[in-house]
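A short worksheet on the structure shown next.
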Amino acid sequence: MKRHFVWRQSFLISMGILALLVAMALMIPGTRARLVMALSSWQQYNQSPLKEQGIRVELPAGEGWFDDMLFYQDSNGLKTQEGRPLELSIYYTFGDYEKGRSLIYTPGSGYYSSFYGAYLITGSTLPTPDAYWVQRIAAHDYEALILKALGHQNPYGTFKVNTFEIGEENELLGYPDWTRYDGLIEAPGVAHQRGKFLLHYWQFGAPPDLGSEAAFAPTTLNGRIYVKSFEEEELLVIVYLICESGDVLERTDARIRESGRLVIHK
């Protein structure tokens, strides 16, 4: 009986210490973001068509970007021109944490309003992988899933790409024959004055005080997008880099070429 009491007491103490450690971790914004978003990404991927089809993209994070490549499944937001919903799976990361918040809020950091990752669309009805759809998919992500969620009142139609330079890419992620799109993007930046708590603050942290600056002021970003269709797998893959800094874009692009990988289990 005494041994059982001692075991139970030790168990409760251990659980108490564990709960305290978790609570302390959640008080640190960057650590909190990693824990919360890792759980969310795991759940989202397991509910996505990619899980069932055995498809995943491996992209390097860190080195100025948030340490983890995250995942979000959007099954209803993006639609064909006929109004049919498209299954859009999004891998993404953003500027790393500094002073308790992501660098996406810091103009001049090289990572202001910057994101990179991959879009995958699956299903029997795939959009044509041309300049129109490349811009439309990226605009949907930035306008609806970023700006609107951060409180922008009228984000639609604000993401505009100057004329694309289009070229061919021999190989990427272990597969040949990609199309590459390069262009400058004019869009609202994500800096804004914090009001009520927004769910995106779990991953980005809360923005700093805006002072006299305008919220969501226009900014220019460097865009590079790679596109490839896999007809047999009914899959469209788009690797995207949207970066404040051209140097950051080139360094990230080099790392993708070195260690990026697309896995398709057939």
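Of all residues being touching a residue at least 12 places away in the same chain (Cβ under 8 Å) and among the aromatic types (F, W, Y) in segment 194-245, which is farthest from Y119 (Cα to Cα)? Just the residue, please.
By that ranking, first place goes to F216.
In segment 109-227, which strands (runs of 3 or more DSSP E) lie fully inside it and hold 3 or more residues that are surrounded by 18 or more Cβ atoms within 10 Å (Cβ to Cβ)?
So the answer is 115-122, 175-188.
Name every residue in segment 50-103 that is more than 15 Å from S114 (Cβ to Cβ), under 12 Å from the mean Cα position of the chain (by Cα) and of a type in the set (S, T, N, Q), in order of residue number.
Q73, S89
If we keep just the residues of segment 93-108 that are in contact with a helix residue (DSSP H, G or I) (Cβ under 8 Å, 6 or more places away or on another chain) and among the hydroxyl-bearing types (S, T, Y), which is surrounded by the fewest Cβ atoms within 10 Å (Cβ to Cβ)?
Quick first cut of segment 93-108, residues in contact with a helix residue (DSSP H, G or I) (Cβ under 8 Å, 6 or more places away or on another chain) only: 94-97, 100-102, 104-105.
Keeping just the survivors that are among the hydroxyl-bearing types (S, T, Y) gives 97, 102, 105.
Details: Y97: 20, S102: 28, Y105: 24.
The residue in question is Y97.
Any idea which of (1) within 27 Å of A38 (Cα to Cα); (2) in contact with a Phe, Trp or Tyr (Cβ under 9 Å, 6 or more places away or on another chain) is the one G110 doesn't satisfy?
So the condition that G110 fails would be (2).
Restricting attention to segment 235-266, and to residues there that are of a type in the set (V, I, T) and part of a strand (DSSP E or B), which single residue is nearest to L120 (Cα to Cα)?
V237
Determine, yes or no, whether S48 is modelled with pLDDT under 50, more than 20 Å from A206 (Cα to Cα) and either surrounded by 12 or more Cβ atoms within 10 Å (Cβ to Cβ) or hydroxyl-bearing (S, T, Y) (or both).
no
The values are calculated or read from the model by the stated rules, or taken from the named source; none is laboratory data. Because the structure is predicted, anything quoted here is derived from the model rather than measured. For neighbour counting, all protein chains shown are included, and Cβ atoms are generated from backbone atoms with ideal geometry for every residue, glycine included.
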